[in-house]
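This report concerns only the one structure given below.
The values are calculated or read from the model by the stated rules, or taken from the named source; none is laboratory data. Quick caveat, the model's predicted, so the values are computed rather than measured. Backbone-built Cβ (ideal geometry, glycine too); neighbour counts: all protein chains shown. Keep in mind that these areas ignore ligands, DNA and RNA; they rest on the heavy atoms of the full protein, side chains included. Shrake-Rupley method; radii C 1.70, N 1.55, O 1.52, S 1.80 Å.
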Amino acid sequence: MDVQATTPLDPRVLDSMLPYLTAYYGNPHSRTHAYGWESEAAMENARRQVADLIGADSREIIFTSGATESNNMAIKGVARFYKSRKKHIITTQTEHKCVLDSCRSLETEGFRVTYLPVKKNGLIDLKELEAAFQPDTSLVSVMTVNNEIGVKQPICDIGEICRARKVFFHTDAAQAIGKIPMDVNNMKIDLMSISGHKIYGPKGVGALYVRRRPRVRLEPLQSGGGQERGLRSGTVPTPLAVGLGAACEVAQQEMEYDHKRILQLAERLVTKIMSEVPDVVMNGDREHRYPGCINLSFAYVEGESLLMALKDVALSSGSACTSASLEPSYVLRAIGTDEDLAHSSIRFGIGRFTTEEEVDYTVQKCIQHVKRLREMSPLWEMVQDGIDLKSIKWTQH
């Protein structure tokens, strides 16, 4: 139930990869023999499969090690290439850690970054975005689907606004690709980050879409043999690239069916929990969201205690990348969630292979433990007695 962190490898993807892990082991960049040609053909076929999923040209796809690298390449690459004329970047406060950290590192190089706040529902205010542009803005980076609360930003509108101002638009689509229809031309996206292991592909591979017309230029982060149009040197790992391509093709075929099924299971989970347990808050917009990512706050229950109680169910209280810290999620803080509610939030993920039985088991255990933990909580007792917790002046001893 934690498919936002990672997904299992689809058996069809594994089947496509196996030959390239055994018999066809050539270097795809070897030009002088059949081993290299076979691997190169497989790599180019995978590139086309990724491109087809997002309505791009295969020459616009660069293989990377994952969405973190793609985000770093896009943000630092564009910023540094155009730095002589443009020194300003716009992003949001709820982006993935690797986008925020890339922006922070650019600030130390003398760039200015605007971190747009989000509304209570997790969506950005398009008027605030328009007001944030400066004459030297080079890039806007806004993620499509949020990895913690599942809200879906108005990507088409943002694309229009950026194109009208001739500013490049990058989106981190790791949680959206293969789950909702994405088209880089209709949405006017100039750069897009993709991850393999979020779409039932292998770990350690991803892609960056880089538009050719109007052309986006990047300064590469990695120097070497000049592979991937000189943007990312290093031998492309053929089996992983083939796996990413296969995962994209399967996702394209299954998207509609998966979406319908996931929506059904998500509604089942939320309805059952909400009908049995009072004081549960759903974080993020109810309408503009990807249904497979559900973030619920259970008031008067410590999220970590609930996770420990539900130890036989894989859940998380936030992003896997920052789950080691006990700070409440910065995404929930950005949408204005009270600190105590932010600490009581759990993220439920529903994916292609999630079954109805798993959802029912999770719901049943969740209800059971929330009730048990609340009975142990003095705060819950006070609330039942009609005391307003906000009115209490707590003293420290």
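A residue that is in contact with a helix residue (DSSP H, G or I) (Cβ under 8 Å, 6 or more places away or on another chain), in a helix (DSSP H, G or I), in contact (Cβ under 8 Å) with a residue 60 or more places away in the chain and open to solvent by 70 Å² or more (accessible area, probe 1.4 Å) occurs nowhere in region 374-394.
Restricted to region 101-142, and to residues there that are under 17 Å from the mean Cα position of the chain (by Cα), open to solvent by 10 Å² or more (accessible area, probe 1.4 Å) and among the aliphatic types (A, V, I, L, M), the residue that is farthest from Met182 (Cα to Cα) is Val118.
Pairs are defined by a Cβ separation below 7 Å, a sequence spacing of at least 6 or placement on different chains, a first member in region 262-286 that is farther than 9 Å from Leu296 by Cβ, and a second member that is outside any loop (DSSP other than H, G, I, E, B) and open to solvent by 70 Å² or more (accessible area, probe 1.4 Å); the pairs so defined are Leu265/Glu356. Residues that are in contact with a His (Cβ under 6 Å, 6 or more places away or on another chain) and assigned to a strand (DSSP E or B) are absent from region 209-220. Could you say whether any residue in region 35-55 is modelled with pLDDT of 95 or more, not charged (D, E, K, R) and not in a helix (DSSP H, G or I)? Checking region 35-55: at least one residue is modelled with pLDDT of 95 or more, not charged (D, E, K, R) and not in a helix (DSSP H, G or I). With a requirement of 3 or more residues that are at pLDDT 95 or above, under 29 Å from Gly204 (Cβ atoms) and touching a Leu at 6+ places or on another chain (Cβ under 8 Å), the strands (runs of 3 or more DSSP E) lying completely within region 75-174 that satisfy it span 88-92, 168-172. Confirm whether Met182 is in a loop (DSSP other than H, G, I, E, B) and either in contact with a Leu (Cβ under 9 Å, 6 or more places away or on another chain) or open to solvent by 10 Å² or more (accessible area, probe 1.4 Å) (or both). It is true that Met182 is in a loop (DSSP other than H, G, I, E, B) and either in contact with a Leu (Cβ under 9 Å, 6 or more places away or on another chain) or open to solvent by 10 Å² or more (accessible area, probe 1.4 Å) (or both).
Go through (1) part of a strand (DSSP E or B); (2) within 21 Å of Leu379 (Cβ to Cβ); (3) under 18 Å from the mean Cα position of the chain (by Cα) one by one and return the number of the condition Ser297 breaks. That leaves (3) as the condition not met.
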